[in-house]
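Report on the following structure.
The values are calculated or read from the model by the stated rules, or taken from the named source; none is laboratory data. Just so we're clear, the structure is a prediction, and the values are computed from it rather than from any experiment. In this analysis, Cβ positions are derived from the backbone assuming ideal geometry, glycine residues included, and neighbour counts consider all displayed protein chains.
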């Protein structure tokens, strides 16, 4: 059986008394596009922070291609690329310098990095901006650069946390198209966090996260069947309503 | 699908590439921020040219080691100003770490597959490297102001600067872990830099402080910055001050251990609180 790109089991995390994630379990198959759907505050960014080991979880396990993120962090982290929701670019560096720096953080020397830089910039249509300062790029170009940077060490799993936030319609569509092409042509596994329903396709895997809990997951038809809904929007709203009813019932019982 | 894996990653060569990359990025930032270099140079020169010249006649200095004769006040405060450059640089580096954390660049550093202690140490050493460049630029200008230590002193100073730079940098690293926003960090200037600098032997010898206030004298003796200044003072005259060096080394070890703990993903302060913009 093929090793999943990402396997999370019973993951919980709290910030003080506030529970950000509650027994989250999910799987991202290798070479798949998996959408992580959740409203603001659902726990998507916390989940990404734990997968990338910005901090450790309170309980549960996270494995990237079978490598435990806590016990085998180097093996796990070298296999994943990350695009955070907030911009993480150094505006004073040039595009080339940004990519060389990131390559160095993954132990890739200059000669090897030059070839990778040419490859990823060509893929994201930024080859002509090689020597431009990052601050001179448009919002869409910065996002594309962040994805190109996340791919510089050729990771097999790419995590993108609401990457289309702040982009206009054209840039948004272009970005989604390019990321989907990565799955089709390069075989990257993608975990795409979003709260925008129109970014999800019928062929995707879907994970619905709400207030730190997984409400449903599977292929889109499986999730629709589970929620007994004709489309993703209805399914999403029904799942949230069901969650609220359960939560209210639990509170009343307590 | 095959799980891609590179050959260099986590090999000794990979570590070297990663370290060089972090130092290179700090150097690029330093070069691009010319104002930072200029202010790092102007600040001690203002003290040297104006403050020291003005107080030369008021603050006479007796013959104290490592000096073998009476020295001008400018000569006396030069090691203190060298330490001040490193103190400001250490705090400046930590300021940039708070900024990096706020804008997210720090996250990119921390998700590198290399151990976190290595990444932070590399960043620390990069900051020390920058501070040493600033110190020698200052000493070059000071030379034309008749601050003329022996040539050998410039060489013996180098390893001491590495140690004192590490102490200031690791202290800054620790402080950076305590503050979530730049606005809060600004108060560090008032509560750390100025008390450390003034409650030390940078501007006046401790025996003078003792005459004025025995309590302040004890505070100065407990201040690790005092010992950094003295280690630099002796090294600049090609002398060895073992006690000061030992105290600086111990303070470095303590600050470094605490800051690595603070940045530890499972144990540290950041793990408990979460970094900015990570709470979704």
Residues (modelled with pLDDT of 90 or more and more than 7 Å from every other protein chain (Cβ to nearest Cβ)) located in the stretch A:74-99: A:75, A:76, A:80, A:81, A:83, A:94, A:95, A:96, A:98, A:99
Every residue from the stretch A:57-70 that is more than 8 Å from chain B (Cβ to nearest Cβ) and either crowded, with 24+ Cβ neighbours inside 10 Å or in contact with a strand residue (DSSP E or B) (Cβ under 9 Å, 6 or more places away or on another chain) (or both): A:57, A:58, A:59, A:60, A:61, A:62, A:63, A:64, A:66, A:68, A:69
Residue list for the stretch A:61-94, restricted to those being touching a helix residue (DSSP H, G or I) at 6+ places or on another chain (Cβ under 8 Å), without any contact (Cβ under 8 Å) to a residue 12 or more places away in the chain and farther than 21 Å from residue A:209 by Cα: A:68
Selection count where residues are within 15 Å of the chain's Cα centre (by Cα) and surrounded by 19 or more Cβ atoms within 10 Å (Cβ to Cβ), scope the stretch B:95-128: 11
Total residues in the stretch A:185-197, condition at pLDDT 90 or above and part of a helix (DSSP H, G or I): 1
Check on residue A:114, more than 27 Å from residue A:63 (Cα to Cα), assigned to a helix (DSSP H, G or I), at the interface with another protein chain (Cβ under 9 Å from one of its Cβ atoms) and free of Cβ contacts under 8 Å to residues at least 60 places away in the same chain: no
Which listed residue, of A:34, A:58, A:52, A:46, is in contact (Cβ under 8 Å) with a residue 24 or more places away in the chain and closer than 23 Å to residue A:235 by Cα: A:34
Selected residue (criterion: farthest from the other protein chains (Cβ to nearest Cβ)) from residues of the stretch A:145-160 that are within 17 Å of residue A:194 (Cβ to Cβ) and part of a helix (DSSP H, G or I): A:147
Search result, residues across the stretch A:3-33 that are under 15 Å from residue A:213 (Cβ atoms), within 11 Å of chain B (Cβ to nearest Cβ), in contact with a strand residue (DSSP E or B) (Cβ under 9 Å, 6 or more places away or on another chain) and surrounded by fewer than 24 Cβ atoms within 10 Å (Cβ to Cβ): A:14
Members of the stretch A:34-46 found to be over 11 Å from residue A:193 (Cα atoms) and surrounded by fewer than 24 Cβ atoms within 10 Å (Cβ to Cβ), listed by number: A:41
Any chance residue B:206 is free of Cβ contacts under 8 Å to residues at least 60 places away in the same chain and surrounded by 15 or more Cβ atoms within 10 Å (Cβ to Cβ): yes
The lone exception for residue B:85 - which of (1) within 18 Å of residue B:257 (Cβ to Cβ); (2) crowded, with 22+ Cβ neighbours inside 10 Å it fails: (1)
Filtered residues of the stretch A:203-230 (kept if outside any helix (DSSP H, G or I), under 23 Å from the mean Cα position of the chain (by Cα) and more than 26 Å from residue A:49 (Cβ to Cβ)): A:203, A:219
Residues of the stretch B:34-49 satisfying the condition of being surrounded by fewer than 15 Cβ atoms within 10 Å (Cβ to Cβ) and within 14 Å of chain A (Cβ to nearest Cβ): B:34, B:35
Residue within the stretch B:81-93 that is more than 26 Å from residue B:178 (Cβ to Cβ), more than 14 Å from chain A (Cβ to nearest Cβ) and either modelled with pLDDT of 75 or more or in a loop (DSSP other than H, G, I, E, B) (or both) present: yes
Given (1) in contact with a helix residue (DSSP H, G or I) (Cβ under 8 Å, 6 or more places away or on another chain); (2) more than 7 Å from chain B (Cβ to nearest Cβ); (3) on the phi < 0 side of the Ramachandran plot, number of the condition residue A:54 does not satisfy: (2)
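Residue-by-condition table, conditions (1) in contact with a helix residue (DSSP H, G or I) (Cβ under 7 Å, 6 or more places away or on another chain); (2) modelled with pLDDT of 95 or more:
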residue	(1), (2)
B:193	yes, no
B:206	yes, no
B:212	no, no
B:219	no, no
B:243	no, no
B:249	yes, yes
